[in-house]
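The values are calculated or read from the model by the stated rules, or taken from the named source; none is laboratory data. None of the values given here were measured: they were computed from a predicted structure. Every residue, glycine as well, gets a Cβ built from its backbone with ideal geometry; the counts of neighbours run over all protein chains shown. Ligands, DNA and RNA are stripped out before the accessible areas are found, and what is left, the full protein with its side chains, is counted by its heavy atoms. Shrake-Rupley method; radii C 1.70, N 1.55, O 1.52, S 1.80 Å.
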Amino acid sequence: MKTKWGIYIAVSFFILLLASSCTQNNNGKPSDERIAEGKKLAELNCQSCHLLPNPNWVDAKTWEAGVMPAMGPRFGIFEYKGKRYNYSKYDLSLPSGYYPSKPTLTDDQWQKIIDYYVTMAQKKNESKQVRQYPIKNELPLFNAIVPDLKLGVPSTSFVKIDETSKDFPFIVSDVIKHEIYRYNKDLKQVDSTITRGPVVNIEMKQNEWFTCDIGMLNPNNDKLGSGRKIGIGTDGKMQQTFVQPLISQLQRPVQLTTVDLNKDGKDDILACEFGFLTGQLSWMENKGGGKYEKHILRPLPGAMKTIIEDYNHDGLPDIWVLFAQGDEGIFLYTNQGNGKFVESRVLRFPSINGSSSFDMVDMNNDGFKDIIYTCGDNADYSLVLKPYHGVYIFLNDGKNQFTQKYFYPLNGCYKAIARDFDNDGDLDIATISYFADYQNQPEEGFVYLRNDGNFDFKPFSLPITQKGRWLTMDAGDYDHDGKIDLILGNFSVAPSFIKSKVDWKKGPIFMVLKNTGIR
């Protein structure tokens, strides 16, 4: 009996050893065959929703501990090797069937995908920004000024320079207090109003504003967002905002725009419902009498910003939009009339990019609008510095085909504004970072790229800008002296995976960079 059990154990051990030799090399790593199978499985499954990830986009540890556990539930894998993955399976706000009812991959197939990414990735995070010029920590073109009044912990979600107002040129929205403030040229608060929720964007017209209330700032799938009007009185001040919303039950909207999309004489509403796991780009058709009918242009999360432009000159407003979640990219919706649109993808970006902003400006003075784009949102499952974060310029060939011309690496880049700040006839770039390398390169928080011609940009910063963590920015000539100024909004309450040497909570709620015109 002992002999039979001994033979059984020996045979079993041999089988396990043989199986192990097929899945691993002598050094304990997955075999080449297994890695190749994992790559094929990734190509088959992972690019059905977005661009196929490259293993070198992040390091091995981040793939294994961050990205893969976040992706597993999308394949119906909620627990693996005793580890419970992060998912929202029981979120009542998610539609039925959002997650597969059963795994679409076997454990072995899933492990092969993990083996491919972990084995082929860089062994440790190596975010080496390759810059032609180091950031010069001085900038005589701007003088920084801040308000004297402290309003508690800075949680600024929106800033604006209102060039039409001589008395109240600065507008600031606070997420925690649910208030909007207005400041005069001397940065004294002269007007305020309470809002229903956190306002993250405002469309301003002469006698009224249209506010975008995100509902809840933190990631969620609820429909708590809304759009409300604020009246502007004859004294130029804001009126009470506790009125019925024009639209409500929106999924974390980040931009609301009024525009007559179907040319029926009534303003419709274009909504970027960024959402979280779910979201959409939609437009609300104005049916009159305060009623709107919703039309979904793209039923996916991540709609971040739209630009309305009749690019083909047919008299109908077309839509450019940046999607910054999952299948990231810039899309064009060509208006066919009668509320019909045709979608085309203009640019596609990796799902790990963290797209954060875009704008359309003519960077090379050829008469065609180019795209300036930033990526750097690092509030995801891969909390590491990424060398591909920064400012990109894509040139338009005149037929809306865009080719990358320029890249400036900037960790955690969040927004870029192209204007002729130094009045020399070409466009410079002001940019902010919300996920900068605060330990080693805190000057990344604000960078001014001076255009010296032929896409040669010299980087500058101001040491005082390190007092805040800048989530939002705007440009405009607030004092009407012919020079374009800047305003930066400090959002100090969110966590950062890189600890700063400065306590942003003690910093100003906003900072104005007054253009002195001194180059």
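Tabulated data
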| item | result |
| --- | --- |
| Entries in 188/291; 160/505; 205/340; 160/287; 61/369 that, when Cα-Cα distance is taken, lie over 29 Å | 188/291; 160/287; 61/369 |
| Shape call, segment 21-125: gyration tensor on alpha carbons, a/c limit 1.5 | prolate |
| Dmax and Rg, reported as Rg then Dmax, of the chain (C-alpha, Å) | 25.7, 101 |
| Under 17 Å from the Cα of residue 102 - aspartates and glutamates, other chains or at least 8 residues apart | 79 |
| Pairwise label distance in nanometres, residue 285 with residue 336, each label 7 Å out on the Cα-Cβ vector | 1.4 nm |
| Separation of the residue 249 and residue 106 label points, Cα + 7 Å toward Cβ, nm | 4.5 nm |
| Fully extended contour minus Cα-Cα distance, from residue 49 to residue 405, at 0.36 nm per residue | 125.4 nm |
| Residue 501/residue 29 FRET efficiency (R0 51 Å; Cβ-Cβ; nearest 0.05) | 0.80 |
| Shape of segment 220-355, Cα gyration tensor, a/c cut at 1.5 | oblate |
| Cross-link reach list, aspartates and glutamates versus residue 266, counting only Cα pairs under 12 Å and skipping chain neighbours closer than eight places | 285 |
| Among the listed pairs 229/263; 40/89; 150/177; 185/415; 386/499, those beyond 19 Å (Cα-Cα) | 229/263; 40/89; 185/415 |
| 13 Å reach of a label modelled at residue 365, 7 Å along Cα-to-Cβ, counting backbone N of segment 436-462 | 452-455 |
| At 0.692 mPa s and 37 °C, Stokes diffusion of segment 172-246 via Kirkwood alpha-carbon radius, µm² per second | 254 µm²/s |
| Estimated 222 nm signal from helices in the chain, with DSSP H stretches of n ≥ 4 weighted -39500 (n - 2.57), rounded to 500 | -3500 deg cm²/dmol |
| Alpha-carbon gyration tensor eigenvalues x 5, square-rooted, for segment 405-492, Å | 21, 17, 10 |
| Cβ-derived FRET efficiency at R0 41 Å, residue 423 paired with residue 150, nearest 0.05 | 0.75 |
| Positive-pole candidate from 153, 143, 113, dipole of segment 110-159, charges at beta carbon | 113 |
| Relative contact order [Cα under 8 Å, 6+ residues apart], the chain, whole percent | 13 percent |
| Gain upon complete extension [residue 477, residue 440; 0.36 nm per residue less C-alpha separation] | 10.0 nm |
| Rounded percent of accessible protein surface that carbon and sulfur make up, segment 308-436, 1.4 Å probe | 46 percent |
| Length added when fully stretched, residue 80-residue 178, from 0.36 nm per residue minus Cα-Cα | 31.1 nm |
| Unit Cα scatterers, Debye sum, segment 285-384: log10 I(q)/I(0) for q = 0.11, 0.15, 0.25 Å⁻¹ | -0.41, -0.71, -1.35 |
| Prolate/oblate/rounded call for segment 246-296, Cα gyration tensor, a/c under 1.5 rounded | prolate |
| Net +/- balance of residues flanking residue 417 in space, Cβ distance below 12 Å, scoring K and R +1, D and E -1 | -3 |
| Point-to-point label distance, residue 308-residue 379, nm (Cα→Cβ direction, 7 Å offset) | 2.7 nm |
| Percentage relative contact order, segment 185-327, counting C-alpha pairs under 8 Å, at least six apart | 16 percent |
| Those aspartates and glutamates that a straight Cα-Cα span of less than 14 Å connects to residue 29, excepting residues fewer than 8 apart in one chain | 115 |
| Probe 1.4 Å, accessible area per residue of segment 210-290, Å² | 40 Å² |
